[in-house]
Every structure is written in C-alpha cells, then in structure tokens.
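> Have a look at the structure that comes next, please.
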Amino acid sequence: MTCLPEKMPLQMISTINNSSLIQPGFSLLNFDGRVFLFGQKGWPKRSCPTGVFLLDFKKEELKLKPTYFSKDSCYLPPLRYPAICTPKGSMAQSEKCQYFIHGGKTPNNELSDKLYIMSLISKNNKKFTFRCTEKELAGEIPEARYGHTINVVHSQGKSIIVIVGGRSYKALGERTTENWNSVVDCMPYIFLVDPEFGCCTAHAFQELMGGFSFHLSLARNDTIYIIGGHSIESNTRPPNLYRIKVDLPLGSPAVNCSVLSGGISVSSAIMTQTGDQEFVIVGGYHSDNQKRMVCNTINLEDNKIDIVEREAPEWTPDIKHCKIWFGSDMGNGAILFGIPGDNRQLISDANYFYLLRCREESDQDPEQMAQVCSQSSTEDAGESTPFEDSEEFTFSFDIDTYNEDDEEDESETGYWITCSSGCDIDINTWVPLYSTELNKPAMIFCSNGDGHWVHAQCMDLSEDMLIHLSQVNTKYFCPEHTSLARGLQTPKETPPVEKPPMKALHRKKPTTIFTPAKKSFIRKLFQ
C-alpha cells in the first residue's frame with residue numbers, strides 16, 4: 001500500500017490548565033463520540049469523586065469536565081497503565097457501549113487484578129452518568145498486572161475476553177526491602193475470561209517463549225494479532241507478530257497461536273483505526289534511547305495482516321529532540337500525545353500537547369468513534385530510566401473546569417485509605433455517621449508537613465466540630481502530629497483532675513461563746 005498523498009496534520013493545543021491533575025498512564029474512553037479521561041493523578045477529589053472526566057475541545061482549547069457514577073456503581077480506583085477495550089460484534093449489539101478495564105496501578109502503586117465493566121447510562125443537561133460494576137473472576141485468574149492488553153473475540157455467536165502479556169511485581173517470597181518495587185514480565189500465558197460467568201482459563205504455547213509487555217493488540221472476529229512489545233528480562237524489543245485464533249464450540253474453547261513474519265520492533269506505541277480494515281501505528285520506541293519517528297499502516301484483508309511504513313507528519317523540533325513522548329488513541333483516527341515541557345515554563349510538570357489526525361475529516365464517521373484496538377500503556381518512571389518503557393506512550397493532559405482553589409488543600413489520597421494507626425474504616429462495612437455523609441466517609445486535612453487526609457470519624461470529631469472546621473479558616477492537626485500543631489487540635493476526652501481544697505495560711509479558730517452561768521463559775525474559780 002502506498003503512502004497517503006497528504007501528510008497527517010499535527011495541531012498543537014495552546015490552552016491547557018491544571019497539569020498537576022494529569023499523569024502518564026491514564027486511558028481514554030470513547031462513548032458515542034465523546035472522549036473521557038480515566039486514571040487521574042492521585043485519588044479522586046471532591047470536585048470529581050469518579051476520577052473520570054469529559055474532554056471538551058473548543059478550537060485550540062481543551063477543558064476537563066467532571067462526570068458522575070450511578071448509585072449502584074462499585075468503587076473504581078484511578079488506575080494507571082490498565083488494559084482497556086470495548087467489545088464489538090454480538091456483545092456490543094446486545095448491550096450499550098461499554099468498556100472492559102483490567103489491571104493497572106493504583107495511586108499507592110498497588111497492582112490490581114480486578115475486571116471492571118463501565119458503561120454510559122445517561123447524559124442529561126451535559127451531565128454524564130456512568131455505571132461501573134466489578135466482575136467476579138474464578139478459576140485460573142490472571143495475576144495483578146499492568147502494561148498488558150485485553151480484547152474481545154467472537155466465534156459461533158459467542159464472545160470471550162482475551163488477556164495477554166503485562167508486568168507484575170516479583171513473587172512475595174522473592175521481594176525484599178531493596179527490590180520491593182522491582183517488576184518482572186508475567187508468564188506468557190493467554191487467559192480466556194467468560195464475560196458472563198467470569199470463569200478464567202490459562203493457555204500456554206511453545207510459540208510464546210518469554211514474557212513481554214507494552215505491546216499492541218488488534219482483534220478481528222475470532223482472531224487477535226499481537227504486535228511488538230518489550231521484554232524486561234533481555235531489555236529488547238523483538239519484532240513480534242503473533243496470531244491468536246479462538247474457536248468457541250459447545251465445549252471447551254480451542255486456542256491456537258502462530259508466529260507470523262513481517263512484524264515490527266516497537267513498544268509503547270499508539271494504534272488508531274482509520275478505516276474498516278485499516279489502522280495506523282504512531283510513536284513508541286525502537287530502543288531505550290531512540291524514539292520511533294516513523295509511522296505504519298496496518299491492513300487486514302482476507303484474514304491476512306500487512307504492516308507497511310507510511311509518511312510521518314512533520315514533527316516539530318521540540319518533538320524531535322525530546323527524550324520521551326506519550327499519548328493515547330481518541331478514536332476516529334485521532335491521537336492526542338504530549339512531550340515534557342522545558343524549564344522555561346512556570347509549572348515544573350507542565351507538558352506540551354498535540355492533536356494528530358491520521359485520517360481526513362471528511363472520512364470520519366461518528367459511529368466508528370469507538371476503539372476496537374487495544375494498546376498497553378507504558379511503565380511509569382519510578383522503576384526505570386526515562387528511555388526504557390517508562391513514560392513512553394501514556395497520554396497525559398492538563399485540563400480542568402472546576403474551581404482549583406477548592407482543591408488546593410487536598411492531598412493525593414483516597415477515601416478508603418488507612419489514615420492512622422487506629423483507623424477502622426472499611427469500604428465493605430462502613431456506614432454513614434454524619435448527616436453530611438452519603439456514600440463516602442467525611443475527611444479532614446491535617447496540615448502537618450506536606451499534609452495528609454484523615455477520616456473525621458477516626459479523629460472522634462463531633463458533627464458540630466466537623467462543620468465548624470469546614471467553615472473557619474484554621475489549620476487542623478491530627479492527634480499523631482499534635483506536637484507540631486500551631487492551630488486547632490483534636491480535643492481529647494480526659495477525666496477531670498481532682499484538686500485538693502486549698503488550706504488557708506492563717507486560719508482563725510472559731511470564737512467560743514460563754515453563757516452567763518459559765519462566766520460566773522469561771523469568775524469564782526479564779527477568785
């Protein structure tokens with residue numbers, strides 16, 4: 001296939017605010033042509049407790065608007081580097097547009113092994129409400145991981161979820177203080193998950209000799225193509241191209257894996273759909289110190305896959321000379337990616353962001369906005385060099401429309417944390433105590449050092465005191481930091497001190513009153 005006659009247009013987004021909210025490792029979800037951000041930096045805040053934001057584009061300005069969860073939704077933590085996909089086919093026709101979200105990292109760097117199903121249930125007066133449910137898994141459950149992919153395949157009128165690749169922490173028995181955060185590639189198993197009952201089965205193949213992560217995956221009917229990836233054990237990016245075919249008869253599923261030629265060496269790239277059978281790969285890395293500046297087109301015809309190089313956009317000098325870049329697929333052939341800002345910016349963690357359109361606007365169909373390809377995000381920078389799959393192609397951008405001043409005292413924490421040594425708040429057993437609580441415990445900010453959040457109930461605060469603290473401008477310190485407190489501290493219940501009565505220094509004796517008879521007797525006695 002020849003290159004397109006025109007280069008893909010690259011547009012810089014000029015107006016971006018509140019970059020501290022966004023981080024590498026989040027995901028983009030496309031519901032009915034609307035793009036939503038999932039995986040904010042830190043734990044959700046009061047202005048948007050869901051941690052899911054609507055991306056609102058207006059010319060060169062990009063804003064972030066909060067969304068809502070239904071009352072019957074489960075708790076969904078902000079996950080970095082999860083595997084996400086949306087079903088397409090018989091499952092998508094029977095259900096509204098929904099996303100599967102598996103694995104990822106929480107803000108506490110804990111890995112998740114849960115599978116969430118997220119769907120958009122209402123949108124009224126620009127208010128978007130989601131329903132999120134956790135799918136209970138059984139059988140050979142995939143271990144907690146990140147940097148993997150998830151897809152849905154369809155065969156003989158049935159559907160099944162396929163999970164491949166990823167990284168996890170070392171086994172608990174192998175972890176020490178020195179290597180506690182060290183990660184390894186997961187075993188190269190192919191996991192099948194029944195979307196209805198949650199039954200999991202693991203399948204091993206000789207073709208998959210070693211683990212890999214931060215690869216691309218593309219599902220087409222009953223077939224999945226695995227492209228590229230990074231091996232942390234050998235620190236290589238082999239030109240992988242696997243074809244996984246899944247057959248779903250009445251009995252057990254049949255899985256076949258084969259190695260194809262014509263693969264490419266790439267990790268942490270972005271793939272977006274530009275046609276019914278055409279996809280475009282942008283970005284990623286050739287090696288630890290070499291960005292991948294070329295682009296590729298994938299064609300799927302007659303159950304065959306063909307990957308060819310295509311003309312890249314005119315990269316700006318800043319993009320060419322930066323060490324890392326990161327981004328995500330917005331659907332409908334559009335990609336949003338960013339590069340780290342320079343030291344000249346007022347905000348140290350600010351980034352520059354660009355919008356890349358991989359297909360002409362006249363060819364874009366709003367009904368084809370949903371993503372059908374899955375790409376793993378990249379490993380975060382806390383465990384590797386900037387050139388390794390650290391912040392490579394995870395998308396981040398800095399937009400917010402709610403009042404930032406309301407959040408300036410909040411830390412990056414969640415409602416269900418262990419706030420203190422005596423904390424007994426449990427998401428499964430917690431019941432509201434204060435009249436201001438609804439579905440989350442009330443919290444108060446301790447101003448010690450950089451600050452941290454604690455549960456008002458754990459601090460034994462009365463409701464009147466809690467309301468008073470929310471209305472006055474004074475610092476609060478929890479009992480563990482009262483020695484450093486200069487403001488209001490938690491009042492403790494102490495028994496009253498019993499003080500002995502004070503004795504007078506010169507106490508006068510009571511005056512004795514004599515009767516007349518006693519006076520007469522005393523007078524005669526001395527006479």
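The values are calculated or read from the model by the stated rules, or taken from the named source; none is laboratory data. For clarity, every value in this text was computed on a predicted model and none was experimentally measured. For neighbour counting, all protein chains shown are included, and Cβ atoms are generated from backbone atoms with ideal geometry for every residue, glycine included. Just so you know, the surface numbers come from the protein's heavy atoms only, side chains and all, with ligands and any DNA or RNA stripped out. Shrake-Rupley method; radii C 1.70, N 1.55, O 1.52, S 1.80 Å.
> Where Lys and Arg each count +1 and Asp and Glu each count -1, what net charge lies around Phe26 among other residues with Cβ under 9 Å from its Cβ?
Summing Lys/Arg as +1 and Asp/Glu as -1 gives +2.
> Rounded to the nearest percent, how much of the accessible area of the range 120-241 (1.4 Å probe, protein heavy atoms only) is carbon and sulfur?
50
> Please list, in chain and number order, the residues 5+ apart from Lys475 or on another chain whose amide H is under 5 Å from its amide H, with Hs placed from the backbone.
Result for Lys475 returns Leu488.
> Please list 81-87, 420-426, 333-339, 239-245 highest first by mean number of surrounding beta-carbon atoms within 10 Å per residue.
Descending mean neighbour count gives 81-87, 333-339, 239-245, 420-426.
> Moving on. How would you rank 61-72, 227-238, highest first, on the average number of other Cβ atoms within 10 Å across their residues?
Result, highest mean first: 227-238, 61-72.
> Between Phe31 and residues 5 or more places away or on another chain, which pairs have amide H atoms under 5 Å apart, with H built 1.01 Å from N, and which residues are they?
The list, which skips near neighbours in sequence, is Phe36.
> Follow-up. Show the residues, 5+ positions off or on another chain, whose built amide H is closer than 5 Å to the amide H of Cys48.
none
> Which whole-number percentage describes the relative contact order of the range 202-316, with Cα contacts under 8 Å and a sequence gap of 6 or more?
The normalised contact order for the range 202-316 reaches 17 percent.
> I'd like the Karplus ³J(HN,Hα) series for the range 167-178: coefficients 6.51, -1.76, 1.60, θ = phi - 60°, whole numbers in Hz, and an x wherever there's a Gly or Pro.
10, 8, 6, 4, 4, 4, x, 9, 8, 10, 4, 6
> What pairs in Lys65/Lys135; Lys71/Lys475; Lys45/Lys475; Lys41/Lys123; Lys45/Lys126; Lys126/Lys245 have C-alpha atoms more than 30 Å from each other?
With Cα atoms farther than 30 Å apart: Lys71/Lys475; Lys126/Lys245.
> Also, quick follow-up: Using per-residue counts of other Cβ atoms within 10 Å, averaged over each peptide, order 209-217, 184-192 from highest down.
In descending order of packing, they fall as 209-217, 184-192.
> Could you tell me what percent of the accessible area of the range 270-313 is made up of carbon and sulfur, with a 1.4 Å probe and every protein chain present?
Ligands and nucleic acids excluded, carbon and sulfur give 36 percent.
> Over the range 272-342, what relative contact order in percent results from Cα pairs under 8 Å that are six or more residues apart?
That works out to 28 percent.
> What is the extension gain from Ala254 to Glu134, computed as 0.36 nm multiplied by their sequence separation minus the C-alpha to C-alpha distance, in nm to one decimal?
Full-extension gain reported as 40.5 nm.
> Same structure again: Residue by residue through the range 285-300, which ³J(HN,Hα) values in whole Hz follow from phi under the Karplus form 6.51 cos²θ - 1.76 cosθ + 1.60 (θ = phi - 60°), with glycine and proline marked x?
9, 7, 8, 4, 10, 9, 6, 9, 8, 7, 10, 9, 10, 10, 10, 10
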